[in-house]
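Presented below is the structure to which this report refers.
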Protein chains: 2
Amino acid sequence: MKIEKLIEQIKKKKSFLCVGLDVDLDKIPEHLKEFDDPIFEFNKAIIEATQSYTVAYKPNIAFYEAYGIKGWKSLEKTQDYLNKNYPEIFTIADAKRGDIGNTSTRYAKAFLEEMNFDSITIAPYMGKDSVEPFLAFKNKHAILLALTSNEGASDFQFLEHQNQSLFEEVIQTSQNWKNSERLMYVVGATKASYFQKIRAIAPHHFLLVPGVGAQGGSIKEVCEFGLTKDIGLLINSSRGIIYASNQLDFAEKATLKAKELQQQMATYF
Amino acid sequence: MKIEKLIEQIKKKKSFLCVGLDVDLDKIPEHLKEFDDPIFEFNKAIIEATQSYTVAYKPNIAFYEAYGIKGWKSLEKTQDYLNKNYPEIFTIADAKRGDIGNTSTRYAKAFLEEMNFDSITIAPYMGKDSVEPFLAFKNKHAILLALTSNEGASDFQFLEHQNQSLFEEVIQTSQNWKNSERLMYVVGATKASYFQKIRAIAPHHFLLVPGVGAQGGSIKEVCEFGLTKDIGLLINSSRGIIYASNQLDFAEKATLKAKELQQQMATYF
């Protein structure tokens, strides 16, 4: 997807909400377990319930991989469903891949070509030649981990080298890579005070922001320094929306939660 | 697998060779393409041809993922074949995963439980809580990326903080994590001069060493500073062995290449 299309969608829906499709069979409503593919049925219902309030969906690949070949089938069906019915919605394979060049190329083809995701999340540790293969696809995007929302983020991401933290170095260095205009960055909402620093280095790039809701981040804090003239943010919520209820009303409750977040976002347009 | 079993195998075979099963359909012999599952047929032949000279196999997961569900089936069959026929050989899922805690747990279950790999490679960027879930399995191992063999390794892995490079920091910090005795580290052979530094921080941990052969590293240089009293090294070769020939004699040629490397290794016993 062209970035202009994403921005158009954001403005139309007055939303920069991304819904994380992290499906755990232990957490979905009992009645769905009678279906052949409960994960896909759950996703389909969640997509229908939230699509008017959201501009992006982000399946976390681990949740599918954990169910082996069955899980991969559910993922492919979900992605096909999105491509067919909601081609205007941005899709993110939350895979956190990254390997030497020829291997990264394989991952890139699997997710960006075969499964036709618009983007994929990437771990930066192996540097330029591990990331550039993901940037070689026109109208596709690589979302580089910069500052994550988990506790362990402090182990390495804040290490300072010449007064610059590793996460800042990752953002700055990666801007010199080939096709860097196709980069976006993961920046956790739990570290909202850092958005100002990050916007000084990456004033225009889109930021994917996990950690709102269950992990404690706030939309208001993120928007204060994170917004650009094109919004420039995708704020993700997973558990808060998809597990708002585990009863027959799970889809209705997901709609309410998504709408609630969208309405907070609408105030910034 | 208990580490003692791996060491026993190393001493018995006088080998610390790991064979990388990075199967690319464009590179395997034509005649295998008539089989239902050419990747599995290729792997089976390579395993039979090299198992007396090798102590570990390492499928790079990207190569399988690139073929979608078919690829995952080939991977599962390969791993089942190894588990059944060569349970004494150490298996490494070269997956380079790493995510927030509950997600890492999912990956860990998929690879270490469901597929019963002995170990998995992990990217360290997200820190402690992204790695510890992989260390929670008895007799299983997490192999943390420290110093990789690719060009982009220099982008971030050498950034210095208080006179210590990021890769040294990764090794040192991770030794304080829960069950850290189950850690191993990836250290590229192309950076052999760093083995001395690394052994000062991690004198006993096993190091998985890619980059010998096609990528230019030498066994001699790695052994000079990398060896411990229990060997403590797994040196990987992929393309140099598995693609030694793409003709009918591919398995024979793979045997010769594996034997050649094993004989160099035997001089260190």
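Every read-out reported here was derived from the displayed coordinates using simple, explicitly stated rules and does not represent laboratory data. Please read all numbers here as calculations on a predicted model, not as lab measurements. Positions of Cβ are generated from backbone atoms using ideal geometry, with glycine treated the same way; all protein chains shown enter the neighbour counts.
Hey, fewest Cβ within 10 Å first, where do B:SER74, A:SER180 land in order? Numbers along the way, then the final one.
Details: B:SER74 23, A:SER180 17.
Exposure proxy ranking, most exposed first: A:SER180, B:SER74.
Structure shown: which of A:LYS77/A:LYS140; A:LYS14/A:LYS77; B:LYS109/B:LYS191; B:LYS11/B:LYS191 lie over 23 Å apart, alpha-carbon to alpha-carbon?
Values: A:LYS77/A:LYS140 20 Å; A:LYS14/A:LYS77 28 Å; B:LYS109/B:LYS191 33 Å; B:LYS11/B:LYS191 26 Å.
With Cα atoms farther than 23 Å apart: A:LYS14/A:LYS77; B:LYS109/B:LYS191; B:LYS11/B:LYS191.
Order by neighbour count: B:LEU25, B:LEU82, A:LEU234, fewest other Cβ atoms within 10 Å first, most last. Could you put the intermediate results ahead of the total?
On the way: B:LEU25 14, B:LEU82 23, A:LEU234 26.
Arranged by neighbour count, lowest to highest, B:LEU25, B:LEU82, A:LEU234 become B:LEU25, B:LEU82, A:LEU234.
Neighbour counts of C-beta atoms inside 10 Å place B:PHE250, B:PHE137, A:PHE16 in the sequence B:PHE137, B:PHE250, A:PHE16, starting with the fewest. Taking other residues whose beta carbon is less than 9 angstrom from the beta carbon of A:MET115, and scoring Lys, Arg as +1 and Asp, Glu as -1, yields -4.
Any idea what diffusion coefficient the stretch B:81-158 gets from Stokes-Einstein, in µm²/s, Kirkwood Rh on alpha carbon pairs, 25 °C, 0.890 mPa s? It comes out at roughly 186 µm²/s.
Restricting the calculation to Cα atoms, the stretch B:44-201 yields a radius of gyration followed by a Dmax of 16.3, 50 Å.
Per-residue counts of other Cβ atoms within 10 Å, averaged by peptide: what ranking do you get for B:157-168, B:38-49, highest first? Mind showing how you got there, number by number?
Details: B:157-168: 18.0, B:38-49: 21.1.
The densest-packed peptide leads the list: B:38-49, B:157-168.
Applying a DSSP loop filter and a limit of 14 other Cβ atoms within 10 Å to the trypsin sites (Lys or Arg not before Pro) in the stretch A:165-269 leaves A:LYS178, A:LYS229. In the distance distribution for the stretch B:9-65, Cα-Cα pairs more than 15 Å apart total 52 percent. Annotation for the stretch A:33-96 versus the stretch A:152-176: alpha-carbon center distance of 32 Å.
Across peptide B:63-75, the average count of Cβ atoms from other chains found within 10 Å of a residue's Cβ is 5.
Compute the normalised compactness of chain B: alpha-carbon radius of gyration over 2.2 N^0.38 Å, N being the residue count.
Details: Rg = 17.7 Å, N = 269, 2.2 N^0.38 = 18.4 Å.
Cα-based Rg divided by the globular estimate yields 0.96.
Note: relative contact order over the stretch A:3-266, using C-alpha pairs below 8 Å and six or more positions apart, is 22 percent.
Which percent, nearest 5, of DSSP beta bridges in the stretch B:3-263 are antiparallel? Intermediate values should be presented prior to the final figure.
Details: 3 of 31 bridges.
The antiparallel fraction comes to roughly 10 percent.
Quick one: Debye curve from the alpha-carbon atoms of the stretch A:120-269 only, equal weights, vacuum; give me log10 I(q)/I(0) at q = 0.21 Å⁻¹ to two decimals. Result of the Debye calculation: -1.31.
Once you reduce the stretch B:9-25 and the stretch B:210-269 to the center of their Cα atoms, the two points are 8 Å from each other. Pairs exceeding a 32 Å alpha-carbon distance, out of B:LYS5/B:LYS178; A:LYS96/B:LYS253; A:LYS73/B:LYS96; A:LYS96/B:LYS58; A:LYS27/A:LYS229; A:LYS73/B:LYS13: A:LYS96/B:LYS253; A:LYS27/A:LYS229; A:LYS73/B:LYS13.
DSSP beta bridges in the protein assembly as shown, what fraction antiparallel, as a percent rounded to 5?
Details: 6 of 62 bridges.
The answer is about 10 percent antiparallel.
Enter the mean number of other protein chain beta carbons within 10 Å of the beta carbon of each residue in B:158-169, as an integer. All intermediate terms of the calculation are to be shown ahead of the outcome.
Values: counts 2, 10, 4, 8, 3, 0, 1, 1, 6, 1, 0, 4.
That average works out to 3.
For the protein assembly as shown, the Kirkwood estimate of the hydrodynamic radius, built from every pair of different alpha carbons, is 23.8 Å. Per residue, chain A reaches -11500 deg cm²/dmol at 222 nm when only DSSP H runs of four or more residues are counted, each adding -39500 (n - 2.57). Put simply, the stretch B:189-250 fits an ellipsoid with semi-axes of 27, 12, 8 Å; these come from the alpha carbon gyration tensor as the roots of five times its eigenvalues, largest first.
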